[in-house]
């Protein structure tokens, strides 16, 4: 544990580096009213903080910048979720008040909202539909050999997936199969459905069984939405870092695993190498679970450089996750 003076100096370095992205010198820190010591004393303390791994000097003549350890101490001991300014709070409230229509569109727009508010990349992981009750199923014929399955879930999400047809699968047969599936699945979650009751028509039962298989393939997939990739691109000077970060954000499985792992570890902030995704070692991730009726159904988070504004990111992610959970609960 750092003493009060070192703690205050470390906090001042972190806050100035977040604001300026420039190495911080002793003269700048000595001018901070709360420090109240000479430049010589600040230089001595900076050297000790560097020896202990909280700061690093990128060049001999430059000031210091925080290390991952320095940011972690700042987040754990100094940074608390800030309070959203009135403009941002009003923007979040108006967004969710006006959010209607398909859940997928709302989740996508939520990622854009987070990115706009924090100036970082945003990630929204939606609920798996296998745990959401089915409201209606409809088979829509596209040709003699293909149809689309449209599934409407109780939380407002809508999924569609292709289905192969056999000769004789007419629109009338598709309509009967749709009615049978809707009656069988209405109010049930797919994870609990093993088999369907027979309809009395072998061809309808074949279509229904094939439809259930396709529905399960869609329902077990994670829905992830990212926004603000351009914000991340502007945050780094090195082209290779930008390329690596953007490429990783395009990999849905990696993003979902990253967010889920952080939440499952009980963390709200993962800094640098802490999250274990090497291409994102220059980034921090701030996440919060989306809870609906006591159940964790998704997550929201922001990803940006390790010098991100942690109090503001924590506050924004917390407010958005709560509002999103309330909106999903309302249906």
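Listed values, structure above:
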read-out: Selection from segment 163-180 of residues that are assigned to a helix (DSSP H, G or I) and surrounded by fewer than 12 Cβ atoms within 10 Å (Cβ to Cβ); value: 171, 172
read-out: Unmet requirement for residue 226, which otherwise passes all of (1) surrounded by 15 or more Cβ atoms within 10 Å (Cβ to Cβ); (2) touching a residue at least 40 places away in the same chain (Cβ under 8 Å); (3) not assigned by TED's automatic domain parsing to the domain that holds residue 121; value: (3)
read-out: Residues of segment 30-77 satisfying the condition of being surrounded by 19 or more Cβ atoms within 10 Å (Cβ to Cβ), over 19 Å from residue 281 (Cα atoms) and touching a strand residue (DSSP E or B) at 6+ places or on another chain (Cβ under 9 Å); value: 46, 49, 63, 64
read-out: Residue selected from segment 181-196 under the condition in contact with a strand residue (DSSP E or B) (Cβ under 9 Å, 6 or more places away or on another chain) and not in a loop (DSSP other than H, G, I, E, B), by the criterion surrounded by the most Cβ atoms within 10 Å (Cβ to Cβ); value: 181
read-out: One residue from 302, 292, 273, 256 being touching a residue at least 40 places away in the same chain (Cβ under 8 Å) and crowded, with 21+ Cβ neighbours inside 10 Å; value: 302
read-out: Those residues of segment 252-275 which are at pLDDT below 90 and part of a loop (DSSP other than H, G, I, E, B), in sequence order; value: 265, 266, 267
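So that you can scan it fast, the table gives a plain yes or no per residue for (1) at pLDDT 95 or above; (2) more than 19 Å from the chain's Cα centre (by Cα); (3) assigned to a helix (DSSP H, G or I); (4) surrounded by 16 or more Cβ atoms within 10 Å (Cβ to Cβ):
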position	(1), (2), (3), (4)
101	no, yes, no, no
112	no, no, yes, yes
135	no, yes, no, yes
149	no, yes, no, yes
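The values are calculated or read from the model by the stated rules, or taken from the named source; none is laboratory data. All of these numbers come straight from a predicted model, not from anything done at the bench. A quick note on method: Cβ atoms are made from the backbone with ideal geometry, for glycine too, and the neighbour counts reach across all protein chains shown.
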